[in-house]
Amino acid sequence: MANRTPENASLHDNVVMGISRKRFDDIKYDVYTNPNGEKNAYVGPESDPLYPDIVVLEKGYGQRNAISIGEVETADSINEEEANQWSEYAATKIPFYLYVPAGHAEETRNLLNTNSIEISGLRTYRYEESGELTITNIF
């Protein structure tokens with residue numbers, strides 16, 4: 001789990017919840033979140049589970065059939081330590097999407113390239129004080 005300032009920890013959790021509500025159709029999917037170190041849903045083997053911020057399951061198929069996972073970073077958690085975690089998520093072969101603050105895509109892309117991490121998509125987000133969440137697809 002990343003070491004974030006209290007302000008960024010709150011931002012992180014708000015963005016995780018916002019993405020889970022905004023990006024996924026709750027009629028077709030069960031969406032679980034693991035904010036603030038919670039362990040609500042995992043991927044990987046039960047003996048060595050991984051807890052990404054967002055786990056999306058097709059309704060009715062249970063925990064073992066994740067169709068995508070997502071990880072939300074804040075400006076202070078885009079670093080080598082987190083890149084190691086991204087590598088673990090990418091190794092699951094489940095489509096993995098990374099969400100970073102607007103203005104940090106290039107820095108994130110450099111970390112991905114330096115560490116030879118292939119992900120399904122990079123997204124940036126902007127979270128306004130009003131609570132409005134804007135997500136932009138980078139790739």
Quiz item: S47: over 20 Å from E129 (Cβ atoms), assigned to a strand (DSSP E or B) and of a type in the set (S, T, N, Q), yes or no?
Solution: no
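Here's the yes/no breakdown for (1) at pLDDT 85 or above; (2) of a type in the set (F, W, Y); (3) more than 15 Å from the chain's Cα centre (by Cα):
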| residue | (1), (2), (3) |
| --- | --- |
| K22 | no, no, no |
| D30 | yes, no, yes |
| P35 | yes, no, no |
| N40 | yes, no, no |
| S47 | yes, no, yes |
| D53 | yes, no, no |
| I69 | yes, no, no |
| E73 | yes, no, no |
Quiz item: Any idea which residue in the stretch 28-44 is surrounded by the fewest Cβ atoms within 10 Å (Cβ to Cβ), counting only those that are within 16 Å of S68 (Cα to Cα) and either among the hydroxyl-bearing types (S, T, Y) or out of contact with any strand residue (DSSP E or B) (no Cβ under 6 Å at 6 or more places or on another chain) (or both)?
Solution: K28
Practice problem: Can you confirm whether the stretch 18-33 contains a residue that is part of a strand (DSSP E or B) and aliphatic (A, V, I, L, M)? | Solution: yes
Practice problem: Look at D76 and say whether it is touching a residue at least 40 places away in the same chain (Cβ under 8 Å), of a type in the set (D, E, K, R) and surrounded by 14 or more Cβ atoms within 10 Å (Cβ to Cβ). | Solution: yes
Self-check item: Flag if S116 is farther than 17 Å from L133 by Cα, hydroxyl-bearing (S, T, Y) and assigned to a loop (DSSP other than H, G, I, E, B)
Solution: yes
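To keep it simple, each residue is scored yes or no on (1) surrounded by 14 or more Cβ atoms within 10 Å (Cβ to Cβ); (2) without any contact (Cβ under 8 Å) to a residue 60 or more places away in the chain; (3) in contact with a Phe, Trp or Tyr (Cβ under 7 Å, 6 or more places away or on another chain).
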| position | (1), (2), (3) |
| --- | --- |
| W86 | yes, yes, no |
| G103 | no, yes, no |
| N113 | no, yes, no |
| I119 | yes, yes, yes |
| L122 | yes, yes, yes |
| Y125 | yes, no, yes |
| E129 | no, yes, no |
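The values are calculated or read from the model by the stated rules, or taken from the named source; none is laboratory data. None of the values given here were measured: they were computed from a predicted structure. Cβ sites come from the backbone with ideal geometry, for glycine too, and all protein chains shown count toward neighbours.
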